[in-house]
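What follows is one structure encoded as structure tokens, with my remarks underneath.
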Amino acid sequence: MKIGIVGMGAVGAATAMALLSRARISELVLVNRNRARAQGIATDMRYGAPLSGPVSITAGGYGDLTGAAAVIVAAGVNEKAGGATDRSDPTGRLRLLGANAGIYREIVPRIVAAAPQAAIVVATDPPDPLVDIARRLAGHERVIGTGTYLDSLRFRVHLAQRLGVSAASAEAYVVGEHGTSSVFLWSLVNIGGRSIEKMVAEREIAFTEFREALEHDVRYANISIIEGIGASQYGIGLVAARLGEAIAADERVVLPVGSHIARLGVALSLPSVIGHGGVREVLTPDMSDEEMRALERSAEKLRDALAQYRPQ
């Protein structure tokens with residue numbers, strides 16, 4: 001199985017490392033505008049590759065993406081450089097749309113020319129509108145975004161920390177925008193089949209405060225990370241790698257990722273069946289009325305962002 005990564009900044013490099021460490025693919029191609037950077041990363045990783053599985057790692061150009069099952073796009077202006085690290089700014093990651101859409105106009109047609117059958121995985125912020133822009137540029141629907149997959153993992157981790165259980169035991173989803181309008185599906189959260197409300201009550205914790213504090217920590221986790229290390233990279237790198245694997249192996253695993261939802265008129269995240277070509281089926285959860293309204297507001301925000309975007 002062959003996967004390509006375009007853009008070898010912090011996220012691209014973290015994605016490459018995750019793919020090598022997990023060793024579930026056979027070939028990895030790294031593409032970067034500065035070819036020397038891609039070559040340096042590939043060489044560095046190659047020296048450690050004997051400790052992993054038999055993964056071939058090469059630095060190449062767009063032409064070397066031919067035959068890839070998936071191409072992960074991690075190129076673009078990040079949150080710190082793009083001024084998207086103000087917790088009080090409701091725009092959030094959408095502030096990066098103009099700059100990164102311009103980069104995608106250059107990259108996506110070159111990917112499609114080299115690998116017309118590959119699924120494109122958008123790992124650049126803001127991933128939701130960039131999915132819609134990438135699918136228009138690509139001329140096909142095999143485009144998915146990392147979306148709220150990482151948000152959902154962060155949700156599970158924070159639940160687990162507060163309740164003293166393993167994050168692997170928490171069932172929890174975030175849907176909608178990967179951003180300030182994301183929707184936490186509290187009505188579906190459970191630990192071992194028990195509702196979150198019951199577990200919180202058993203610990204004599206006020207649910208409203210529990211919910212508000214947890215949502216704040218998850219919603220702004222990226223900013224906390226950036227304040228510490230300059231870029232949110234390792235979590236999203238693992239997520240992007242996992243999506244690439246699921247596509248290449250046609251796993252049919254259900255994950256909360258971004259794709260164009262026709263009935264909402266925009267790309268956003270819902271639990272989806274991931275396999276060859278990207279999203280095979282979208283599964284709409286049984287949300288409460290409040291959560292459904294919040295999802296519709298999230299979709300409206302994303303539609304507005306796309307409407308305000310004007311190609312240069």
With everything on Cα atoms, drop me the angle between helix 35-48 and the longest principal axis of the chain, reported from 0 to 90° to the nearest 10. 70
Please work out the ratio of the alpha-carbon Rg of the stretch 176-226 to 2.2 N^0.38 Å and round it to two decimals. 1.29
Counting only residues 5 or more places away or on other chains, whose amide H sits under 5 Å from the amide H of residue 253 once H atoms are built in the peptide plane? 274
Go through the stretch 284-300 residue by residue and turn each phi into a ³J(HN,Hα) via Karplus (6.51, -1.76, 1.60, θ = phi - 60°); whole Hz please, and just put x for glycine and proline. 7, x, 7, 7, 6, 4, 4, 5, 5, 5, 5, 5, 5, 5, 4, 4, 4
Which value in Å does the Kirkwood hydrodynamic radius of the stretch 193-312 take, with 1/r averaged over all unlike C-alpha pairs and then inverted? 17.4
Calculate how large, on average over all directions, the projected area of the Cα convex hull of the stretch 2-147 is; give the answer in nm² to one decimal. 8.4
Of the options 278, 54, 137, report the single residue whose Cα projects farthest towards the positive end of the charge dipole of the chain (beta-carbon charges: Lys, Arg +1; Asp, Glu -1). 54
How many angstrom separate the Cα center of the stretch 61-77 from the Cα center of the stretch 181-220? 38
So how tilted is helix 207-219 from the main axis of the chain? Cα-based, degrees 0 to 90, rounded to 10. 10
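Taking 0.36 nm per residue of sequence separation and subtracting the Cα-Cα distance, how much length would be gained by fully extending the chain between residue 283 and residue 217, in nm to one decimal?
21.1 nm
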About its Cα centre, what dipole magnitude does the stretch 2-147 give when the only charges are +1 on Lys and Arg Cβ and -1 on Asp and Glu Cβ, stated in debye to the nearest 20? 200
For the chain, what does -39500 (n - 2.57) per DSSP helix run (n ≥ 4), summed and divided by total residues, give at 222 nm, in deg cm²/dmol to the nearest 500? -14000 deg cm²/dmol
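Computed from the coordinates by the stated procedures, all read-outs in this text should not be read as laboratory data. Just so you know, these numbers come straight off a predicted model, no measurement behind them. Cβ atoms come from the backbone with ideal geometry, glycine included; neighbour counts cover every protein chain shown.
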